[in-house]
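A short reminder: the numbers here are calculations on the coordinates, not readings from a lab. Since the model is a prediction, treat every value here as computed from it, not as a measurement. Counting neighbours? That spans all protein chains shown, and the Cβs are built from the backbone with ideal geometry, glycine included.
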Amino acid sequence: MPRLLLAAVAALGLLAACGDPGATTRQPQSDAPLPAEDRALHDMLPQRLKDSGVLKVGTTLPNLPYLLTDSNNNITGGITPEVGRAVAAKLGLRYEIENIAWEALLPGVTAGRFDMADDGLSDTEERQRVGLFVDYMRSASVLVTAKSNEGKYKSVEDSCGKRVATIRGTTDVQHAEEISQDCQKKGKGAVEVTQYPTAQDADLALRSGQADFQVAVTEQAKYAIKEQNAPIAIVSADFAPTYVGMYLRKDDKQLGDALLAALKALKADGSLDRIIGNYGLEPLPEPGLNLATSGR
């Protein structure tokens, strides 16, 4: 998924800033009881996890509604840690999540620093070349603009000839470039796509008027507007639907199968629907592996 915290949310200080990438955050706490260990699922794990007893997860803050933080940048909740803790408990593992810079997140999985990355990542064919996805949600993208522009822009086509902020190394760059190509095919002006190094930089561009639009993840935009009263407006229908899931090393199929089995168990007992439903979203009818290319 695009790495994005909507501009106005960060600007108003309604969520913590990114903090120190690489620093281990305090582990998320929840009043919800964790599921009991399923010994059969535990037996599916690779030996290294049976030995360590820990599921190490990399993520990048901030990220509504996947990761919620307090004023000290400690993770307090969100889809990612709540689903992750339930999965880990089902597998008989302790859950540890670490904040790391976005550009180092997927390489951190490849290098073995983390067992998986989980922060609302879009399952794409390109990422599947080096990784494995365990998908449990769907997502999509929208264009957002400053609240002051609400009513002025009403569709994706309104971005033709305008400036769109994106975040380097994310799928929103591709989406913006595809919009630009469609504009030109229709005889309209190309989109001026600018890639910023961080979510905060892209946010600032929209906030300061250096960009007319920003590519946003649908659930992030809606959550920011509803729950944080963010002064932004959604100006397009959903586009670029995608699957969202946990990202593992490509050769870590044994762990992938164990995670998938745990997610299916949580789906069956209603836990997965309950966790994700608390954020106004819905899980997939059935979790799966590499769904972006498997045709399911």
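Neighbour counting of Cβ atoms within 10 Å sorts the residues Leu206, Leu291, fewest neighbours leading, into Leu291, Leu206. Under 13 Å of direct C-alpha separation, and excluding same-chain neighbours fewer than eight residues apart, Lys264 reaches these aspartates and glutamates: Asp38, Asp135, Asp273, Glu286. The long axis of helix 171-185 is offset from the longest Cα principal axis of the chain by roughly 40 degrees.
Ordered by the count of other Cβ atoms within 10 Å of each Cβ, fewest first, Met137, Met246, Met116, Met44 give Met44, Met137, Met116, Met246.
Rounded to the nearest 10 degrees, the inclination of helix 253-268 to the longest alpha-carbon principal axis of the chain is 80 degrees.
Taking the beta-carbon count within 10 Å as an exposure proxy, list Asp252, Asp182, Asp51 from fewest neighbours to most.
Listed from fewest to most nearby Cβ atoms, that is Asp51, Asp182, Asp252.
Between Val130 and Gln195, what is the label-point separation in nm under the 7 Å Cα-to-beta-carbon projection? Modelled inter-label distance: 1.4 nm. Kirkwood-type hydrodynamic radius, the range 157-296: 17.5 Å, calculated from all non-identical alpha-carbon pairs. A straight chain from Gln210 to Glu157 at 0.36 nm per residue would run longer than the Cα-Cα distance by 17.2 nm.
Please compare each pair in Lys56/Lys154; Lys222/Lys250; Lys147/Lys188; Lys56/Lys147; Lys162/Lys250; Lys152/Lys222 to a cut-off of 31 Å on the Cα-Cα distance and tell me which ones are over it.
Among Lys56/Lys154; Lys222/Lys250; Lys147/Lys188; Lys56/Lys147; Lys162/Lys250; Lys152/Lys222, the Cα-Cα distance tops 31 Å for Lys56/Lys154; Lys222/Lys250; Lys56/Lys147; Lys162/Lys250.
For the pair Val54 and Glu286, a Förster radius of 30 Å applied to the C-beta separation gives a FRET efficiency near 0.60, rounded to the nearest 0.05. An oblate overall shape is assigned to the range 146-218, the ratio a/c of its alpha-carbon gyration tensor axes (a ≥ b ≥ c) being 1.5 or greater and a/b not exceeding b/c. Each other residue within a Cβ distance under 9 Å of Ser141 adds +1 if Lys or Arg and -1 if Asp or Glu, for a net charge of -2. Against the main long axis of the alpha-carbon atoms of the chain, helix 199-208 sits at an angle near 20°. Taking the charge dipole of the range 31-105 about its Cα centre, with +1 at Lys and Arg Cβ atoms and -1 at Asp and Glu Cβ atoms, the residue from Pro81, Gly53, Tyr66 reaching farthest to the positive side is Gly53. In the P(r) worked out for the chain, what percent of Cα pairs fall beyond 34 Å? More than 34 Å apart: 19 percent of the Cα pairs in the chain.
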